[in-house]
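Enquirer: One structure, as structure tokens, below. Some questions next.
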Amino acid sequence: MADPILEVISLTKCFGAIAASDGLTFSVKRGTIHGLIGPNGAGKSTAIAQLSGELQSDTGRVRFDGQDVTRWAVDKRARSGLQRSYQITSLLPEFTAEDNVAMAIQSQQGHSFRFWENARKDNSLRTPSRKILERVGLSDFADNPAMDLAHGQQRQLELAMVLATAPSMLLLDEPMAGMGQSESLRMMELLRPLKGDVTMLLVEHDMDVVFALADMITVLVKGQVLLTGTPDEIKNHPEVRRAYLGDY
Ligand SMILES: Nc1ncnc2c1ncn2[C@@H]1O[C@H](COP(=O)(O)OP(=O)(O)OP(=O)(O)O)[C@@H](O)[C@H]1O
């Protein structure tokens, strides 16, 4: 069995009287897709924000790749390989798909965009950018401005930008949100082969997607872990069915 790349130990975050995360404990094995599911308000987004470093936890610990990252800021966690997916809002709409990826590579290398016109001609950025666009199925759209891409393609571009930073683990908060069925299927087919190279923690409301992709699933209810198990264990667990899945 693969070793855990991420260990979440008694993680807690309160907003006033609400314990959005209440003693979360689970671990994610390296090279797997791990689903994080639960009803609305269960604390999934809060957990993702605590893991990415956007939210400081009240108590508990996060260990990533053998290091205690509990007090690390977002940037430091990202540089160590623990990355949250980009949001469409971080795309530069007037720049081409390739430019957006090249800038993500450049920012990972710690450069500024000051000499962007020169960087655009730089093969050390162009070649990997093209490769990453190919990996997310956007080769034919490399020269299109991001704003001209369809919604699903913009989500593919977000994925390309986060892959440009060479993450070892991705925190994906509803990567299929706002997508139609065919776009969602496409995204699934893009995520699946990344497994192995990139460990993924996947928050997703679409249970078909979660059950198709995840190796293990953690169910949250009211800020607490109800159960961690394989998709079959989760599907067939009476308490999970009662609390969340209903007649799925
Ligand atoms: N910034 C905040 N201030 C106050 N309460 C918050 C804040 N963020 C989250 N909460 C509360 O914490 C609880 C967990 O919210 P969270 O958004 O993490 O749940 P979720 O499982 O992601 O929900 P959803 O599936 O609806 O996105 C909810 O009761 C929510 O109202």
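The values are calculated or read from the model by the stated rules, or taken from the named source; none is laboratory data. Everything numeric in this text was worked out from a predicted model, so none of it was measured. As a convention, Cβ positions derive from the backbone with ideal geometry for all residues, glycine included, and neighbour counts pool all protein chains shown.
Enquirer: Consider segment 54-80. How many of its residues are of a type in the set (Asp, Glu), more than 16 Å from the ligand (Cβ to nearest atom) and touching a residue at least 40 places away in the same chain (Cβ under 8 Å)?
Expert: Count: 1.
Enquirer: Is it true that LEU51 is surrounded by 19 or more Cβ atoms within 10 Å (Cβ to Cβ), within 19 Å of the chain's Cα centre (by Cα), more than 7 Å from the ligand (Cβ to nearest atom) and closer than 20 Å to LEU194 by Cβ? Full working, then the answer.
Expert: Details: surrounded by 19 or more Cβ atoms within 10 Å (Cβ to Cβ): yes; within 19 Å of the chain's Cα centre (by Cα): yes; more than 7 Å from the ligand (Cβ to nearest atom): yes; closer than 20 Å to LEU194 by Cβ: yes.
For LEU51, the condition - surrounded by 19 or more Cβ atoms within 10 Å (Cβ to Cβ), within 19 Å of the chain's Cα centre (by Cα), more than 7 Å from the ligand (Cβ to nearest atom) and closer than 20 Å to LEU194 by Cβ - is met.
Enquirer: Name the residues in segment 166-188 that are within 22 Å of LYS29 (Cβ to Cβ) and away from the ligand (no atom under 16 Å from the Cβ), would you?
Expert: Correct list: ALA166, PRO167, SER168, MET169, LEU170, MET188.
Enquirer: If you take the residues of segment 1-13 that are within 16 Å of the ligand (Cβ to nearest atom) and of a type outside the set (Ser, Thr, Tyr), which of them is surrounded by the fewest Cβ atoms within 10 Å (Cβ to Cβ)?
Expert: Across segment 1-13, the extreme among qualifying residues is LYS13.
Enquirer: Filtering segment 223-237 down to residues that are outside any strand (DSSP E or B) and touching a strand residue (DSSP E or B) at 6+ places or on another chain (Cβ under 7 Å), which residue is nearest to the ligand (Cβ to nearest atom)?
Expert: GLY223
Enquirer: Please give the number of the condition GLN56 fails out of (1) touching an Asp or Glu at 6+ places or on another chain (Cβ under 7 Å); (2) in a loop (DSSP other than H, G, I, E, B); (3) at pLDDT 95 or above.
Expert: (1)
Enquirer: Every residue in segment 211-222 that is under 12 Å from GLY35 (Cα atoms), out of contact with any strand residue (DSSP E or B) (no Cβ under 6 Å at 6 or more places or on another chain) and outside any helix (DSSP H, G or I), please.
Expert: Hit for segment 211-222 is LEU220, nothing else.
Enquirer: Let me ask something else about it. Let me spell it out: the conditions are (1) modelled with pLDDT under 90; (2) assigned to a helix (DSSP H, G or I), and GLN154 meets all of them except one. Which number is the exception?
Expert: (1)
Enquirer: Another question about this same structure. Tell me which residues, restricted to segment 199-210, are within 12 Å of ILE33 (Cβ to Cβ) and touching a residue at least 40 places away in the same chain (Cβ under 8 Å).
Expert: Within segment 199-210, THR199, MET200, LEU201, LEU202, VAL203, GLU204, VAL210 meet the criteria.
Enquirer: Follow-up. Would you mind finding the one in GLY16, GLY31 that is of a type in the set (Gly, Ala, Ser) and within 15 Å of the ligand (Cβ to nearest atom)?
Expert: Just one listed residue meets the conditions, GLY16.
Enquirer: Right, something else. May I ask you to say which residue of PRO93, PRO39 is within 16 Å of the ligand (Cβ to nearest atom) and either at pLDDT below 95 or surrounded by fewer than 22 Cβ atoms within 10 Å (Cβ to Cβ) (or both)? Before the answer, list the steps.
Expert: Details: PRO93 fails: within 16 Å of the ligand (Cβ to nearest atom).
One residue alone meets the criteria, PRO39.
Enquirer: Could you check how many residues of segment 4-34 are in contact with a strand residue (DSSP E or B) (Cβ under 7 Å, 6 or more places away or on another chain) and not in a strand (DSSP E or B)?
Expert: 3
Enquirer: Write out, first by first residue and then by second, each pair whose Cβ atoms fall under 8 Å of each other, whose residues are 6+ apart or on separate chains, and whose first residue, in segment 124-139, is on the phi > 0 side of the Ramachandran plot while the second is of a type outside the set (A, V, I, L, M, F, W, C) and surrounded by 17 or more Cβ atoms within 10 Å (Cβ to Cβ).
Expert: Going by the 8 Å Cβ cut-off, the qualifying pairs are GLY137/GLN156; GLY137/ARG186.
Enquirer: Being more than 14 Å from the ligand (Cβ to nearest atom) and not in a helix (DSSP H, G or I) is the filter; apply it to segment 194-210 and report the residue that is farthest from GLY31 (Cα to Cα).
Expert: Here the residue is MET200.
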